[in-house]
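Worksheet: one structure, shown below.
The values are calculated or read from the model by the stated rules, or taken from the named source; none is laboratory data. Since we're looking at a predicted model, the values are computed, not measured. All Cβ positions, even for glycine, are placed from backbone atoms using ideal geometry, and neighbour counts span all protein chains on display.
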Amino acid sequence: MSGTRPQATRVLEETLADMSPASRSVPKDWPLIPLSALCSFANGVNADKQAYGKGVRFINVLEVITCSRLQAADVPARVLLSKVACETFEVRRGDILFNRTSETQEEVGLSAVYDDDERVVFGGFVIRGRFTSDAFNRAYVGYAFRAPIVRLQIVAQGQGAIRANIGQASLGRVLVPVPPKPEQRAIAEALSDVDGLLGALEALIAKKRVIKQAAMQQLLTGTTRLPGFSGEWETKRLGQVADIESGATPSTQLPANWDGDIPWCTPTDITGTPGKYLTSTERRITRQGLASCAANLLPRGALLLCSRATIGELKIATTAICTNQGFKSLVCKPGTSNEFLYYMLLTLKSALIERSSGSTFLEIGKRDVASVQALFPSEEEQTAIATVLCDMDAEIAALKARRDKTRAIKQGMMQQLLTGRVRLVKPSAKAKEEAMPQTRARQANVHFIRSVLAAEIIDQLHEQPTFGHVKFEKMMFLVEHLCEVETGSTYHRKAAGPYDNRALRSIDSQLRAQQWFDARKKGKRYQYVPMQRRGGHKRYFDRYFSAIGETFYRVIGAFKELDTERCEIVATLFAAWSDLLRDRGSVSDELIVNEVLNNWHEAKRRIPEERWLKALGWMRSQGFVPKGAT
């Protein structure tokens with residue numbers, strides 16, 4: 001194999017001439033082998049459409065694109081084929097499958113390894129690679145062909161006027177780095193661990209969605225009542241609880257109507273943006289544009305309900321806004337919670353569609369929207385129900401954020417591990433000793449580790465007169481994020497800032513069990529009281545967190561004298577800033593403060609805007625900013 005390296009390197013440099021020098025290099029002990037020398041290729045079967053639905057499982061493009069490691073359960077489609085065809089187009093465990101064609105070059109040639117024993121076949125838009133060499137560890141194969149250095153070659157070879165395509169000959173010319181087998185196993189294990197975490201997070205998100213859906217069915221129909229509420233619900237028409245507003249479009253022939261300061265919403269703004277709230281629109285109109293058309297300026301909190309084509313899709317406006325004619329927006333009347341009505345409308349989508357009509361596309365009129373009926377409790381119960389559902393949304397959003405962060409971590413790991421920039425080699429005795437605290441921290445019980453970190457925070461701050469549950473929770477959040485420590489906490493957007501009630505209860509229980517500190521209620525707040533084994537956490541803190549000690553004590557020192565509200569302000573800004581960076585890439589101070597005041601919790605509005613802006617300046621001066629912020 002090593003004899004092919006000089007020629008392979010020359011071909012690789014010609015193919016990837018536009019890559020950076022760092023991206024071109026691979027370790028010298030990773031030979032670069034043409035894919036044609038590693039496996040044989042075959043194109044898939046073009047089955048008759050009438051054959052679909054029964055028979056053997058049938059792998060096509062979608063499965064190859066979405067899964068790097070395929071099992072039979074991931075393949076829902078089936079096709080009836082003859083015995084000979086099944087044998088010819090069979091996919092065996094360990095075969096690698098490539099997407100042969102795609103609308104974009106970025107997806108062409110994406111690969112997946114089949115890791116199951118059930119017989120499956122593959123379709124005509126897929127190329128099967130069957131290994132003729134034992135150069136690869138089976139677990140490593142699923143990652144090897146998604147390495148950046150391999151993907152860049154495949155994308156460069158994908159051609160086509162309308163669709164990107166790659167054939168067997170082009171795939172065969174792709175040069176693949178082949179690490180030593182022990183290193184392949186180590187890389188595969190590391191990436192497989194992250195895949196396992198991603199799978200667990202996806203399952204948890206799906207579970208939480210099901211729980212939320214069940215809660216909506218129970219709470220929005222009055223089948224289940226929240227504690228403290230009774231009395232009959234009243235059937236009302238939507239026109240009774242909200243004003244229905246139609247939208248309009250200013251003349252597109254007059255430039256003076258456009259590029260103003262009024263957000264102008266179209267259905268694509270609704271369907272193209274995740275989440276419950278609409279914070280920005282693709283286009284804006286001027287005051288002149290608004291005055292020249294039949295649209296009204298809707299207040300913040302209006303429910304933007306699509307009334308054409310994508311009927312029933314909706315969001316809550318976070319600022320004054322107007323819409324085009326594809327909406328029948330609802331502005332709640334006194335006595336109706338807009339958050340409650342939002343969730344109620346989600347359950348009324350079928351009723352809205354039933355009242356729609358049209359030949360080119362379905363549309364529902366103002367009168368028909370107003371006539372839809374639903375059950376409504378008192379405003380207090382509406383607010384309570386909406387709060388429960390909002391908390392569920394926040395929990396799901398936090399899990400999604402954690403999933404997205406894990407995906408980004410995996411992508412970074414692939415960039416480093418699959419190019420050999422980071423080598424997974426057996427450490428020396430000295431390196432093992434240096435890595436021991438981190439290894440122990442990973443292996444120890446996560447709840448105990450979290451309690452050790454909490455105990456040191458409390459040990460440093462418990463004598464401060466303002467220190468209680470609320471300030472502790474904010475300090476825990478800030479320490480975890482500024483020191484980049486993972487404790488398994490999931491923070492939600494609450495009135496007093498980022499908050500994880502479940503983790504807080506677990507920490508209090510652990511601290512009491514270890515007899516380090518006891519959380520005791522005094523008046524309206526909790527205080528942490530030292531117990532007989534106070535200080536017993538120190539040896540564990542030094543073992544697990546010695547690497548972050550300098551940053552940890554700098555954070556504690558900066559916040560030690562600050563009152564609870566200032567800690568709340570900084571923690572809330574940090575969390576909102578992080579969320580916006582993840583969603584947008586770069587943000588302004590005004591956008592961060594707007595996110596806090598309009599998309600967090602109404603309690604935040606008690607604090608003047610200038611205090612939020614001043615706090616952002618202080619955070620920058622201290623270097624207390626989210627990763628990637630400027």
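Tally up the residues in segment 159-198 that are without any contact (Cβ under 8 Å) to a residue 12 or more places away in the chain and surrounded by 13 or more Cβ atoms within 10 Å (Cβ to Cβ), please.
Of the residues in that region, 1 qualify.
Consider A51 carefully, then state whether it is at pLDDT below 90, of a type in the set (A, V, I, L, M, F, W, C) and buried (at least 19 other Cβ atoms within 10 Å of the Cβ).
Spelling it out, it is not the case that A51 is at pLDDT below 90, of a type in the set (A, V, I, L, M, F, W, C) and buried (at least 19 other Cβ atoms within 10 Å of the Cβ).
Residues being of a type in the set (S, T, N, Q) and part of a loop (DSSP other than H, G, I, E, B): count how many of those fall in segment 23-52.
So the count comes out to 2.
Go over the candidates A164, A156 one by one and state the one that is within 29 Å of the chain's Cα centre (by Cα), more than 15 Å from R423 (Cβ to Cβ), assigned by TED's automatic domain parsing to the domain that holds A37 and of a type in the set (G, A, S).
A164
In segment 284-313, what residues are among the aliphatic types (A, V, I, L, M), surrounded by fewer than 18 Cβ atoms within 10 Å (Cβ to Cβ) and part of a helix (DSSP H, G or I)?
A291 - this is the single residue of segment 284-313 that is among the aliphatic types (A, V, I, L, M), surrounded by fewer than 18 Cβ atoms within 10 Å (Cβ to Cβ) and part of a helix (DSSP H, G or I).
I'd like the full set of residues that are more than 24 Å from L341 (Cα to Cα) and surrounded by 13 or more Cβ atoms within 10 Å (Cβ to Cβ), limited to segment 206-255.
If the condition is that a residue be more than 24 Å from L341 (Cα to Cα) and surrounded by 13 or more Cβ atoms within 10 Å (Cβ to Cβ), then T249, P250 are the ones that fit.
Just to confirm my filter: which helices (runs of 4 or more DSSP H) fall fully inside segment 548-608 and include at least 1 residues that are farther than 21 Å from M475 by Cα?
564-584, 589-599
Checking E609 against (1) closer than 26 Å to R300 by Cα; (2) surrounded by 15 or more Cβ atoms within 10 Å (Cβ to Cβ), which single condition isn't satisfied?
Only one criterion is unmet by E609, namely (2).
Suppose we keep only residues that are surrounded by fewer than 24 Cβ atoms within 10 Å (Cβ to Cβ) and among the aromatic types (F, W, Y) within segment 101-135. Which one would you say is farthest from A47 (Cα to Cα)?
The qualifying residue farthest from A47 (Cα to Cα) is F131.
Can you tell me which residues in segment 382-416 are in contact with a strand residue (DSSP E or B) (Cβ under 7 Å, 6 or more places away or on another chain) and of a type in the set (D, E, K, R)?
Scanning segment 382-416 gives D391, E395.
I need the full set of residues from segment 314-326 which are in contact with a Gly (Cβ under 8 Å, 6 or more places away or on another chain), crowded, with 24+ Cβ neighbours inside 10 Å and farther than 20 Å from L362 by Cβ, in order please.
Result: A317, C322.
Taking the condition of being assigned to a loop (DSSP other than H, G, I, E, B) and in contact with a helix residue (DSSP H, G or I) (Cβ under 9 Å, 6 or more places away or on another chain), how many residues in segment 314-360 meet it? Working first, answer last.
We begin by selecting, within segment 314-360, every residue assigned to a loop (DSSP other than H, G, I, E, B); these are 318-320, 324-326, 333-337, 348, 355-356, 358-360.
From what is left, the residues that are in contact with a helix residue (DSSP H, G or I) (Cβ under 9 Å, 6 or more places away or on another chain) are 318-319, 324, 326, 333-337, 348, 355-356.
Qualifying residue count for the region: 12.
Can you tell me which condition L504 does not meet? The list is (1) assigned to a helix (DSSP H, G or I); (2) aliphatic (A, V, I, L, M); (3) more than 30 Å from I607 (Cα to Cα), and all the others hold.
(3)
Filter segment 464-494 down to the residues that are charged (D, E, K, R) and closer than 11 Å to F552 by Cα, then identify the one that is surrounded by the fewest Cβ atoms within 10 Å (Cβ to Cβ).
Filtering segment 464-494 for residues that are charged (D, E, K, R) and closer than 11 Å to F552 by Cα, the one surrounded by the fewest Cβ atoms within 10 Å (Cβ to Cβ) comes out as E484.
Does A85 satisfy being hydrophobic (A, V, I, L, M, F, W, C), closer than 17 Å to N43 by Cα and assigned to a strand (DSSP E or B)?
no
Among the residues that make up segment 199-217, is at least one of them without any contact (Cβ under 8 Å) to a residue 24 or more places away in the chain and outside any helix (DSSP H, G or I)?
No - not one qualifying residue is present in segment 199-217.
Could you go through segment 371-386 and let me know if any residue there is free of Cβ contacts under 8 Å to residues at least 12 places away in the same chain, out of contact with any helix residue (DSSP H, G or I) (no Cβ under 8 Å at 6 or more places or on another chain) and assigned to a helix (DSSP H, G or I).
No - not one qualifying residue is present in segment 371-386.
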